[in-house]
Each structure stands twice: as structure tokens, then as C-alpha cells.
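Structure first, commentary second.
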Amino acid sequence: MESQRTATLTGILDGLGNRRQGPDSGAVSSGWKLPAALGLLAFCVAFVGMWIPSFWDDEIATISAARRSPGELLLLLQSVDAVHGLYYLFMHFWTSVFGFSEIAMRIPSALAVGLACAGTTIIGRRLGSPTTGIAAGLVLAFLPRMVWAGTEARQSAFAALLAVALTLLLLRAWESNRVLDWVLYGLCAVVGVWMFMFFVLAVMAHAAAAVILRRRVLGTLVASAVAGATVLPFVLHALGQKAQVDWIQNRSLAQTLMTAAVKQFFYGDDRPTNNAPPQWVLGAMLVLGVIEVGLVVWGIWASRRHGRHRTLIVLGLSIILLPALGLLLVSVLAQPVYVARYLTFTAPAFALLVGLGISQLPARKAWLRPVALAAVVLCSLVPQLTIKSVVSEPADTERRVAGMLDGALPRPAAVVFGEPYLRDLALAYPEHFDGVADLALEASPAESGTLWGVNSPVAAGELARRGNVLFVGQAGAPADLSAFAEAGCRETDNRPFERMVLISFTCS
């Protein structure tokens, strides 16, 4: 075992200092041990501290969906969240075995990140050099966008993994031109779109790259078209639920471009309730962006100067630019749809181009490559200090508020949620609501085919003689407390927060 670990470490160091740039340059150019080691590293980076942040809104939507039977889930997807259906179904079976804790819910994403990193290492090694593969794997393992994807119970990490798998299958089909390989490529494309609808942009990027490179154009277009026809009914159904993205802010093009430049790869935390990162974190993000974009530009310039790595460059740029331009175009011309995490599947392509830039640094200066990689890793670690901490969280995260029922507030016998979505407290942390009656609930989430359930007005008679009753309302919105007044309830505690307000009553 000791000799194997030494060989792996030696392979990494040799790869970073290797002067030869061909795909067959040395022992590290083949085999599975090094990709597996980098994949394990990426998993560990995502895993460490994933239990620290509270569940947030989108993750609680996953919990709400995963608690249902397949039949109840189908009822939900008919009206909302069809774009997440395949992921919800997977999480239904996963949670039936492993439960709903923060770690249990998030660890599948960390596993997906690890596999994506291993696959990215293989692609870099195949299209560039051993150094390219090693550097790309390390960059992806620490890239803030991917680390966040591996730390949340959503399907962004799975979309990235499927993008890597799709690229590997494309390269195989380009080489063999066998029907079976094209069928596998098409199946992966279909699964990718079912996993996340905007994955169709990755398939389109592959088709564009095939045309530019003149590589198996007919096969690529036919496989893509067949996959597109297969997923068309699903896409049309999902587009009919476009109201579910009405929450996306209508920003100017300049604001959207600024958000993309900062958050697409260099931060990662997309929670709408998180506080702005400290200035020193923003500074590290700026340095990280300058270094990595600089390495991308350098890698492309140096490779084109020597007429090398055209396939890697065209594929990488196509996967990064075309999906981003597509979402930006729709946002400007039709409806805001750009959210940084929606393009997480482009992160492996970005890491590949950064890895190419590192591999193209002059080998005669042996210190350049390790120093560049160390700078990238160190700057990438800084945003994680806030992402995986409670520093950037508001005071009224679901975990903190739910925990108040067991100490900071009088223990209620009943709760009234002023809006259905505020019921996410009980869905995420039901142990704190054990034995607490939900008086406003008319139909449960599963019964109603909704994420949060359906409310009905609470009558004064339902409040009388309840003892302690907790009202959870939306901050800044008028609350209808007339039933409490009519029932003679007395307010005993009032705690306003950024997103919600908690009011305790005693109803005798």
C-alpha cells in the first residue's frame, strides 16, 4: 500500500513537471488509479463540512418531493418541478435507505462530483497530456462552483457528471463510429436532459463542436437529433411550467454579465438568502478569476501557436460559451432564466481549459506549474470558508428557527403557517414539530400535488384552549391575526427576522 501511494504521488509530481505533451508521455497517461485518486480528493473536498449549512429552500423542495411515493411524485410533476423529476425519483429511493439528514441528502452530490473529477482527468489526459489531466482534475476538485454543487441536495453535480460522461462517449463514438457507441451517446443525452432540462445546451454544444472540427458530423447530428426527438415531449411539458422560474430577478444585461463573471465558477453559493461574502473573500474570488481566465487564454494561445490540442479547445469553448449565450439570450429577449448554478455542467470544460493553460506553462521553469496550481487551489479554498460555515447564513435559517421550538420559544401545541411555503420548516426538520398540530393545513403536500401543501383560514374556535400557539409569517407582509384576537389569545413573544416573523400566543 505504501508503495502504491508513493507511486501515485510520484505520478502527480512527474505529470506536473513533464516536458512531453503527447497523450502517451509516461506511465501516468493510462490507467485508472490517478483519476480515481483525484476523484476521491474531489469527493473529500465536497464532503468535509457539508453538514454545517442549514437546508435551504431548494433542498427542502427535494425533501418534500423525495418523501412521496412514485405515484404521489408523478402527481407533483404534472403541475410543478418536472425539470427535477428524475433527480427526485432517485432521491426517493436513496432517502428510503439513508434518511433525510444533511449528510444523507447531500452525499450523492459529493459522489457525483468525485466521479465527474475522475472523468475530467481522463478527458484532459486523452485530449491534452498527463499534465493537462492532472491539473484539470485538481482545478475541478477545488473549483467553488463544483464544491458547492457537491454540498447541496440538488442535481447540479449530476448534470456535471453526465456532461463528462457524454463527452467521453462522444470521443469514443468519434473514434469508432460504431452504432452501439452512438446509441450510448444518445441514451446519455436523453438521461442528461431528463436530469436537467438545460442539459440540452450541452448536446447542442457537442453538435457545434463536431461541425467546427469536422469530426463525424453526420453521426453526431443524427444521434443528437434522435435524442432531441425523444426528450421533446418532456421539454414541452417542462416549458409549460415556466411560472416556477418567475422568482428569477429581471436584471439588465450588464448586471447579468457581472453575475456570470463572478458566480459562474468562482463562488458557487446561490442561496437567495445568503449574506454578501466579506471583502477579503471577494478579493480572493477576483484573484482566482484573473488567474484561471489568464491560464485559459494562455493555454489557447500557446496551443494554437504550436497547432496542438484543437479538439480540447473547441470542445471546451463550445461547452462553456454556447450554453451561457443561450441562457443570456433567452433572458434578454424573453424571460429571465439565467442562474449561475444552472450551468454547473460547464464547469468540467472550464477546468479542462485551465488545466491546459497550466500544462502549457514553460516546462524549463520547473516551478511555474506547481506554483500556478497552488495559487489556484489556495484562492479556491477561500470562498469555501463562507460557503461551508454559518457566517454567510441569515439568522433565520430553517434549522435555527425550527430549533427555537425546543428552547428559545415556549413549546407550542400548535403552529399556524401564514403562507404554505413557510411550512418548509416542518418539512426540513420535522423532529422539532413532533406533536405540534398544523392548524392551517387543508391538504398535505402529497395530497395536493404541491411542494408545500394547501392552506385554509384558521377559525377562532380552533385556537381556543390550545395553550401555546406559534404563528409563522412572512417578514414585511401584513399578517391576518384576527382569529387570534377573536379567540382571546395573548401575544407572549414576537421575533422578527429577515425572511420571517415568529409570534408566540397563549390561547386559553
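The values are calculated or read from the model by the stated rules, or taken from the named source; none is laboratory data. Since this is a predicted model, take the numbers as computed values, not measurements. Glycine gets a Cβ as well: all are built from the backbone with ideal geometry, and neighbour counts include every protein chain shown.
Here are a few things to note about the model shown:
- Top-ranked residue of the stretch 405-439 - restricted to ones that are assigned to a loop (DSSP other than H, G, I, E, B) and under 20 Å from Arg499 (Cβ atoms), ranked as nearest to the chain's Cα centre (by Cα): Tyr429
- Scanning the stretch 144-176 for residues that are in contact with a Pro (Cβ under 9 Å, 6 or more places away or on another chain), closer than 21 Å to Met285 by Cβ and not in a helix (DSSP H, G or I) returns Thr151, Glu152.
- Qualifying residue in the stretch 56-68 (condition: of a type outside the set (Lys, Arg), surrounded by fewer than 21 Cβ atoms within 10 Å (Cβ to Cβ) and in contact with a Pro (Cβ under 8 Å, 6 or more places away or on another chain)): yes
- Any hit, the stretch 456-463, residues being modelled with pLDDT under 95 and touching a Ser or Thr at 6+ places or on another chain (Cβ under 7 Å): no
Conditions tested, residue by residue: (1) under 22 Å from the mean Cα position of the chain (by Cα); (2) farther than 27 Å from Val231 by Cβ.
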position	(1), (2)
Gly31	no, yes
Gly49	yes, yes
Leu75	no, no
Met91	yes, no
Thr95	yes, no
Phe98	yes, yes
Glu102	yes, yes
Arg106	yes, yes
Ala110	yes, yes
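- When every residue of the stretch 206-222 is checked against the conditions, none turns out to be assigned to a helix (DSSP H, G or I), without any contact (Cβ under 8 Å) to a residue 40 or more places away in the chain and among the polar types (S, T, N, Q).
- Of the residues Leu111, Leu168, the single one that is farther than 16 Å from Ile319 by Cα and not β-branched (Val, Ile, Thr) is Leu111.
- Figure legend. Inter-residue proximity from the stretch 443-465: first residues not assigned by TED's automatic domain parsing to the domain that holds Gly85, second residues β-branched (Val, Ile, Thr) and buried (at least 21 other Cβ atoms within 10 Å of the Cβ), beta-carbon distance below 8 Å, spacing 6+ or different chains. Indicated pairs: Val458/Val416; Leu463/Val469.
- Residue in the stretch 350-387 that is surrounded by the most Cβ atoms within 10 Å (Cβ to Cβ), counting only those that are without any contact (Cβ under 8 Å) to a residue 40 or more places away in the chain and assigned to a helix (DSSP H, G or I): Leu368
- Ala347 meets the conditions (1) aliphatic (A, V, I, L, M); (2) surrounded by fewer than 20 Cβ atoms within 10 Å (Cβ to Cβ); (3) assigned to a helix (DSSP H, G or I) in every case but one. The failed one is (2).
- Look at (1) under 20 Å from Glu59 (Cα atoms); (2) out of contact with any Pro (no Cβ under 6 Å at 6 or more places or on another chain) and you find that Val203 fails only one, number (1).
- Considering Val401, Val390, Val337, the condition of being in a helix (DSSP H, G or I) and either at pLDDT below 95 or in the same structural domain as Arg126 (by TED's automatic domain parsing) (or both) is satisfied by Val401 alone.
- Ala238 modelled with pLDDT of 85 or more, more than 26 Å from Val139 (Cα to Cα) and surrounded by 14 or more Cβ atoms within 10 Å (Cβ to Cβ): yes
- Of all residues in the stretch 477-506, those satisfying the criterion of being of a type outside the set (Lys, Arg), part of a strand (DSSP E or B) and in contact with a Phe, Trp or Tyr (Cβ under 7 Å, 6 or more places away or on another chain) are Glu491, Thr492, Ile503, Phe505.
- Taken over the stretch 243-260, the criterion of being farther than 12 Å from Ser331 by Cα and under 19 Å from the mean Cα position of the chain (by Cα) is satisfied by Gln244, Trp247, Thr259, Ala260.
Per-residue answers, yes or no, for (1) modelled with pLDDT of 90 or more; (2) assigned by TED's automatic domain parsing to the domain that holds Leu368; (3) farther than 21 Å from Arg341 by Cα; (4) touching a strand residue (DSSP E or B) at 6+ places or on another chain (Cβ under 6 Å):
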position: Gly15; (1), (2), (3), (4): no, yes, yes, no
position: Pro53; (1), (2), (3), (4): no, yes, no, no
position: Ala61; (1), (2), (3), (4): yes, yes, no, no
position: Leu74; (1), (2), (3), (4): yes, yes, yes, no
position: His92; (1), (2), (3), (4): yes, yes, yes, no
position: Phe100; (1), (2), (3), (4): yes, yes, yes, no
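For every residue, the table says whether it meets (1) in a helix (DSSP H, G or I); (2) modelled with pLDDT of 85 or more; (3) hydroxyl-bearing (Ser, Thr, Tyr).
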site: Ala261; (1), (2), (3): yes, no, no
site: Asp269; (1), (2), (3): no, no, no
site: Pro277; (1), (2), (3): no, no, no
site: Leu286; (1), (2), (3): yes, yes, no
site: Trp301; (1), (2), (3): yes, yes, no
